[in-house]
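Trainee: I'd like to ask you about the structure that follows.
The values are calculated or read from the model by the stated rules, or taken from the named source; none is laboratory data. All figures in this text were calculated on a predicted structure; none of them were measured in a lab. Every residue, glycine as well, gets a Cβ built from its backbone with ideal geometry; the counts of neighbours run over all protein chains shown.
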Amino acid sequence: MIIETIEVRITESDQLIKVAVYRKFVDKIEVVIGEGQHSVRCELVPNRLGKAYVGSIRGRELVYERSRDQVQHDIERLQGHAPPPRRR
């Protein structure tokens, strides 16, 4: 199984970190920061203009700098490579 990772920016320090994607929809992206029992989930939602996804974890703002259209394209591209569903 391939785990998708994305880079998000911590606005306070302007640092880029890689996080694992738990679930990805156009309306929200759920990411996991850290590993094991110290991992934390964060929900990123589109900003008002739809140009980026923002979320907060432990008082720090995270920004994923991709638009809703780009994320929609990514989702469609990944679903195109998924194996077809099994027949019963």
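Trainee: Restricting to region 51-77, count the residues that are of a type in the set (A, V, I, L, M, F, W, C) and in a helix (DSSP H, G or I). Break it down stepwise before answering.
Mentor: Let us first name the residues in region 51-77 that are of a type in the set (A, V, I, L, M, F, W, C), namely 52, 54, 57, 62-63, 71, 75.
This time we only want the ones that are in a helix (DSSP H, G or I), so: 71, 75.
Matching residues across region 51-77 total 2.
Trainee: Looking at 80, 55, 50, 36, can you tell me which residue is in contact with a helix residue (DSSP H, G or I) (Cβ under 7 Å, 6 or more places away or on another chain) and of a type outside the set (S, T, N, Q)?
Mentor: Within the list 80, 55, 50, 36, the selection yields 50.
Trainee: Could you check region 31-65 and list, in sequence order, the residues that are small (Gly, Ala, Ser), under 21 Å from residue 2 (Cα atoms) and in contact with a strand residue (DSSP E or B) (Cβ under 9 Å, 6 or more places away or on another chain)?
Mentor: Kept after step one, since they are small (Gly, Ala, Ser), are these residues of region 31-65: 34, 36, 39, 50, 52, 55-56, 59.
Narrowing the set further to residues that are under 21 Å from residue 2 (Cα atoms) leaves 34, 36, 39.
Selection gives 34, 39.
Trainee: A further question follows. Determine whether residue 28 is of a type outside the set (Ser, Thr, Tyr) and more than 16 Å from residue 5 (Cβ to Cβ).
Mentor: On the way: of a type outside the set (Ser, Thr, Tyr): yes; more than 16 Å from residue 5 (Cβ to Cβ): yes.
Taking the combined requirement at face value, the residue satisfies it.
Trainee: Which pairs do you get when a residue that is within 15 Å of residue 54 (Cα to Cα) and in a loop (DSSP other than H, G, I, E, B), found in region 1-24, comes within reach of a residue that is at pLDDT 95 or above and not aliphatic (A, V, I, L, M), reach meaning Cβ atoms under 6 angstrom, with the pair 6+ apart or on two chains?
Mentor: 11/61
Each row is one residue, and each column tells you yes or no for (1) aliphatic (A, V, I, L, M); (2) over 12 Å from the mean Cα position of the chain (by Cα).
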position	(1), (2)
6	yes, no
10	yes, yes
20	yes, no
35	no, yes
69	no, yes
78	yes, yes
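Trainee: Among the residues of region 1-50, write down those that are among the hydroxyl-bearing types (Ser, Thr, Tyr), touching an Asp or Glu at 6+ places or on another chain (Cβ under 8 Å) and closer than 25 Å to residue 79 by Cβ.
Mentor: Pass one, region 1-50, residues among the hydroxyl-bearing types (Ser, Thr, Tyr): 5, 11, 13, 22, 39.
Still in the running and touching an Asp or Glu at 6+ places or on another chain (Cβ under 8 Å): 11, 22.
Residue satisfying the conditions is 22 alone.
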